[in-house]
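Notes follow once the structure below has been shown.
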Amino acid sequence: MSTNNIFSSSNAPLQTGIVSSDNELNSLGFGQHERAISVSALARLIRQTIEQRYPLQWVSGEITGFTRASSGHWYFSLKDSEAQVRCAMFRGRNQRINWLPKNGDAVELQGAPTLYEARGEFQVVVDQIRPAGQGALYEAFLKLKLRLEQEGVFDPSRKRALPTHPRSVGIVTSLAAAALKDVLTTLARRAPHVSVVLYPTPVQGADAPPKICAALLQAAQRNEVEVLIVCRGGGSLEDLWAFNDEHVARAIAQSPMPIVSGVGHETDFTIADFAADMRAPTPTAAAELCAPSKEALLDQLIVFKRRMTRTQHYYFDRMRHQLQRTHQTLSHIARRRLEDKSWALDRMASRLIHPRQAILHRNQNLETLRARLQLQHPKNTISKLRADVLALSERRSKAWSRSLEKRHHNLQRWQQALHLLDPGQVLQRGYSLVYAPDGQLLRSPNQVQKDDRLELVLAQGKLGARAEPL
């Protein structure tokens, strides 16, 4: 196969740019015996050019020479009537494929052309692979999914919750399906008390969709189960196509009881999965979702029993304590009432026996009240307030005098400081101020030139002078 015609869809060869001129030949070392390029460098250059020029693309053909290495990688050739190309699909990619290709299979694969430098072989590194014709099926799948989604068939608001403790579970699948055994085994292990009703139907083939719809209708009419499992084992897209039927999806969405979809393996998705109330990755997982574990229920019952026992004990203890407190309260109230009545009776008897003492006692109380009234007479209150005002006025006068004295003292200190800082006082001591011709106070001889006119300010007048260097 010519390197210039790799993955070309037209009769005109595609120029890869590997060798385009004599200059490039010379730059690679061709034509110069003293500068030969190595084989590995040439192979690397060709590989880089192929990978940069040709991205991922879909290719169809027939598988031949299929080999599954111990490392998990797949190696095979893809051929048609006129050519073939080596292919490799590494384990990280082929683990996502739920079917195993074989020689003679017509497939479509997406891969990137490259060069295996160790043997100098052109090959395609495969990213995805599917049986031929699945592209059209997948496109139909996407179109139907989009249309039903826009109609609201998959709306999460219409999804119903599964019953927590169902007493009966229905299964819609084939009697010959391996998934049926897995579901029955899981239900028997997890919830042997749950009754199971089977609604048999084909799950593959052209006649499967109407029969699946009939089984769902039968389950709805008989209304004998609380939740339905629609399931089958894994397979190719064609094998699972019955669950991508529009009528099946609408029948699932219109079911009066919740439906769990367990179709295919974890990586398989069908329209039924989106229409169902819940999707399970496998049929076994669907059974686990519909039936709680027997051991978990027993453990929960034990927990409830312990909690109820603790609650009863706590309630009885509280009622016992409350009864004891009520008894003590009633006894105390009765005793207190008896004591109050006895004391009142004693007072009445004392008054009857000693009326003169009662009169004296009342007179004493009257004198006490009269003395309190005199202390609280308005005249006494006014006298006290007048004394308080005089005291506050005297305190204010003293405070004001102290403040004025302090401010006068501060003023004298500031006057003394200003007197000391007065320039006139400095001139009185024989000093003078010398100004340069520009009016600036002279501080250095460098500020004037020889014969510059100077002005001297004395304490009692001004003088003129000329600058003479010393």
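On C-alpha positions alone, give me the angle between the axis of helix 208-222 and the longest principal axis of the chain, in degrees, nearest 10.
Once rounded, one gets 50 degrees.
I'd like the antiparallel share, as a percent to the nearest 5, of DSSP beta bridges with both residues in the chain.
Values: 37 of 57 bridges.
Percent antiparallel among DSSP bridges in the chain is about 65.
If one takes the longest principal axis of the Cα atoms in the chain, at what angle in degrees, from 0 to 90 and to the nearest 10, does the Cα axis of helix 134-151 lie?
40
What is the helix-to-structure angle for 378-421, meaning the angle in degrees between its Cα long axis and the longest Cα principal axis of the chain, kept from 0 to 90 and rounded to the nearest 10?
Relative to the chain, helix 378-421 is tipped by roughly 80 degrees.
Could you derive backbone 3J(HN,Hα) for region 437-454 from the dihedral phi with the Karplus parameters 6.51, -1.76 and 1.60 (θ = phi - 60°), listing whole Hz in sequence and x where the residue is Gly or Pro?
Ordered by residue, 3J(HN,Hα) equals x, 7, x, 7, 5, 7, 10, 9, x, 5, 7, 10, 9, 4, 6, 5, 6, 10 Hz.
Which of the lysines could a cross-linker span from residue 145 if the Cα-Cα distance has to be under 23 Å and same-chain partners fewer than 8 positions apart are dropped?
The qualifying lysines are 159, 211.
Measuring from a point 7 Å past the Cα of residue 463 along Cα-to-C-beta, which residues in region 434-454 have an amide N at less than 19 Å?
Once the point is set 7 Å along Cα→Cβ of residue 463, 434-437, 441-445, 451-454 turn out to lie under 19 Å by backbone N, inside region 434-454.
Hey, could you get me the Stokes-Einstein D for the chain, Kirkwood radius over alpha-carbon pairs, 4 °C and 1.567 mPa s, rounded to whole µm² s⁻¹?
35
Under the Kirkwood approximation applied to all pairs of distinct alpha-carbon atoms, what is the hydrodynamic radius of region 340-470 in Å?
Values: mean 1/r = 0.0404 Å⁻¹.
When all Cα pairs of region 340-470 are included, the Kirkwood radius is 24.7 Å.
With r as the distance between the Cβ atoms of residue 168 and residue 317 and R0 = 51 Å, compute the FRET efficiency 1/(1 + (r/R0)^6) and round to 0.05.
My answer for the efficiency is 0.75.
Just to confirm a number: summing +1 for Lys and Arg and -1 for Asp and Glu over residues other than residue 213 whose beta-carbon lies under 9 angstrom from that of residue 213, what do you get?
Counting the neighbours of residue 213, the net charge comes to +1.
When the Debye formula is applied to the Cα atoms of region 426-466, each taken as the same point scatterer, what base-10 log of I(q)/I(0) results at q = 0.19, 0.30 Å⁻¹?
-0.53, -1.05
Tell me, what is the FRET efficiency for residue 254 and residue 178 to the nearest 0.05, using R0 = 41 angstrom and their Cβ-Cβ distance as r?
Calculated transfer efficiency: 0.90.
Identify the residues of region 251-286 with backbone N under 15 Å of a label point that sits 7 angstrom from the Cα of residue 189 along the Cα-to-Cβ direction, or state none.
Residues 282-286 qualify, since their backbone N sits under 15 Å from the label point.
Starting at the first residue of region 326-338, write each ³J(HN,Hα) from the Karplus equation 6.51 cos²θ - 1.76 cosθ + 1.60 with θ = phi - 60°, in whole Hz, x for Gly and Pro.
Ordered by residue, 3J(HN,Hα) equals 5, 4, 5, 5, 5, 5, 5, 5, 4, 5, 5, 5, 5 Hz.
Compute the length gained on full extension between residue 90 and residue 48: take 0.36 nm times their separation in residues and subtract their Cα-Cα distance, giving the result in nm to one decimal.
Using 0.36 nm per residue and subtracting the Cα-Cα distance, I get 13.1 nm.
Among the lysines, which fall within straight-line cross-link reach of residue 462, defined as a Cα-Cα distance under 24 Å, with same-chain neighbours fewer than 8 residues apart omitted?
Cα-Cα hits under 24 Å: 450.
What's the ranking of 93-105, 170-182 by average number of surrounding C-beta atoms within 10 Å, highest first?
Descending mean neighbour count gives 170-182, 93-105.
With contacts defined as alpha carbon pairs under 8 Å and 6 or more residues apart, what's the relative contact order of the chain in percent?
RCO, the chain: 8 percent.
Take each of the peptides 116-126, 379-389, 239-249, 199-209, average the number of other beta-carbon atoms within 10 Å over its residues, and list them starting from the highest.
Packing proxy ranking, top to bottom: 239-249, 199-209, 116-126, 379-389.
In what sequence, highest mean first, do 230-237, 138-145 appear when ranked by Cβ atoms within 10 angstrom?
Result, highest mean Cβ count within 10 Å first: 230-237, 138-145.
What translational diffusion coefficient, in µm²/s and rounded to a whole number, does the Stokes-Einstein relation yield for region 402-446 at 37 °C and a viscosity of 0.692 mPa s, taking the hydrodynamic radius as the Kirkwood radius over Cα pairs?
Calculated translational D: 244 µm²/s.
Per the helix-only calculation at 222 nm, which mean residue ellipticity applies to the chain, given -39500 (n - 2.57) for every DSSP H run of n ≥ 4 and division by its residues, nearest 500 deg cm²/dmol?
Dividing the helical sum by the residues of the chain leaves -16000 deg cm²/dmol.
None of the figures in this text is laboratory data; all of them are computed from the coordinates on show. Please read these numbers as outputs of a predicted model, since none were measured by experiment. Positions of Cβ are backbone-derived with ideal geometry, glycine not excepted, and every protein chain shown enters the neighbour counts.
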